[in-house]
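Values quoted throughout were computed directly from the atomic coordinates according to the rules given, and no laboratory measurement underlies them. Computed from a predicted model, the values in this text were never measured in an experiment. So basically every Cβ, Gly included, is an ideal-geometry build from the backbone, and we count neighbours across all protein chains shown.
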Amino acid sequence: MTSSQPSGSSEPLLVSRLQALANLIRLFNQTGTLLLLFPTLWSLTLASQGWPSIDVLIIFIIGSFVMRSAGVIMNDLADRSFDSQVERTRHRPLASGQLHPRHALGLLAILLTIAAGLLWFLNPLTWFLSPMALLLAAVYPFCKRFLRIPQMILGVAFGWGGVMAWAAVHNALHTSTWLLFAATICWAIAYDTIYAIQDKEDDLKIGVQSSAILFGSYTWLGVGFAASFMLFFLSLAGEINDLGTAYFVGLMLIAVIMGYQVVQLRSPISREQAYTLFTQHSWIGLIVLVGLLIGTK
């Protein structure tokens, strides 16, 4: 007797689906997770005046990965019709039809359950603040339909992780919390405007908004202003907390890096160049963190 084929063909299907799910959450590209994680680590470090407790640190590292993964799923679910019309995103699993939305929703439910479980180990104020994080993640994908600078909402969403991190340490919020929050919003406007340059032509055709479209030929100026305000808020946080010289040296280094980016943006750049400039912001986040770790000692 000949054996039937379904059992043999199920394994390639499972592997293909797992690969598509991995691509859905950008498993092999964690730049977005780092950009979400760094403001959280800034807040934990400054609130703790040095190294935060290991348990809280682990919770927020896992939480950043989980919530960024959940966020990109919500983004792809909302934008799958747009993504199919954009060169850079048309191969994404939902836009290309590799995954059915129900598979994405199933993984999203798992990730949000994990995030809720992590909250169990934190204090009441952090619980109280957590619904806003979910709301921001859910609302952000739709902002490009009606906001001229949707990047600002991304900054609020990423900065809210830092607010929750501060609350997790003190069970209270202080002036420094909001200075780091404001710095994160400005930072996100800077790096995500650069990121949006990749899709500018496609976004214009589709009719969605971005700060790269709004700023147009003055994108360099918009990024420059956002970077300046980021450094201003971080400097205020340093002054209030009496941080050491190393912290301010780090801010000066960031000013040089971002100043060089602004100079490059004064001329048209390719999609590849825009992505390279965007990824450099992971190093900027690390420089701030190192400055905080050294400056608080």
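In percent, rounded to a whole number, the relative contact order of the chain is 22, using alpha-carbon pairs under 8 Å and six or more apart.
What dipole magnitude, in Debye to the nearest 20, does segment 30-295 give about its Cα centre under +1 on Lys/Arg Cβ and -1 on Asp/Glu Cβ? Display every interim value, and only then the final one.
On the way: 13 positive and 13 negative charges, 102 e Å.
Here segment 30-295 has a charge dipole of around 480 debye.
List the residues of segment 156-174 whose backbone N lies under 17 Å from a point placed 7 Å from the Cα of Ile61 along the Cα-to-Cβ direction. Residues 165 qualify, since their backbone N sits under 17 Å from the label point.
Between Thr177, Thr45, Thr89, the Gaussian network model of the chain with springs among Cα atoms under 10 angstrom shows the greatest mean-square fluctuation at Thr89.
Using a simple charge model, +1 on the beta-carbon of Lys and Arg, -1 on the beta-carbon of Asp and Glu, nothing else, what dipole does segment 87-176 show about its Cα centre, in debye to the nearest 20?
420
Simple rule: put +1 on each Lys or Arg Cβ and -1 on each Asp or Glu Cβ in the chain, find the dipole, and look at Thr89, Thr184, Gly117; the Cα lying farthest toward the positive end is Thr89. Assuming charge only on the beta carbon of Lys and Arg (+1) and of Asp and Glu (-1), the dipole of segment 1-153 about its Cα centre is about 420 debye to the nearest 20.
What does the charge count near Ala183 come to, summing +1 for each Lys or Arg and -1 for each Asp or Glu among other residues with Cβ under 15 Å from its Cβ? Net of charged neighbours comes to -2. Listed by chain and number, the lysines placed with their C-alpha closer than 20 angstrom to that of Lys144 are Lys200, Lys205; residues fewer than eight positions away on the same chain are left out.
Relative to the longest principal axis of the Cα atoms of the chain, helix 175-196 runs at roughly 50 degrees. With the chain treated as a Gaussian network of Cα nodes joined by springs under 10 Å, which of Phe28, Phe121, Phe146 yields the largest mean-square fluctuation? The residue that fluctuates most here is Phe28. The label-point distance for Leu14 and His170, in a model that sets each label 7 Å from Cα toward Cβ, rounds to 5.0 nm.
Placing unit charges on the Cβ atoms of the charged side chains and taking the dipole of the chain about its Cα centre, the candidate lying farthest along the positive direction among Asn75, Leu44, Leu204 is Leu204. With the simple spin-label model, which puts each label point 7 Å out from Cα in the Cβ direction, the Phe28 to Ile294 separation comes to 3.6 nm. Estimated purely from DSSP H runs of n ≥ 4, each contributing -39500 (n - 2.57), the mean residue ellipticity at 222 nm for the chain is -26000 deg cm²/dmol once divided by its residues.
If you wrap a convex hull around the C-alpha atoms of the chain and split its volume per residue, what is the figure in Å³? If you can, show how the numbers build up before the last one.
Details: hull volume 41.2 nm³, N = 297.
In the chain, the Cα convex hull volume per residue is 139 Å³.
In whole angstrom, note down how far apart the Cα centers of segment 238-297 and segment 50-87 are. What the calculation gives is 22 Å, centre to centre. Compute a Gaussian network model of the chain, connecting alpha carbons closer than 10 Å, and tell me which residue from Leu265, Leu21, Leu13 fluctuates the most. Per the Cα network of the chain with a 10 Å cutoff, Leu13 tops the list.
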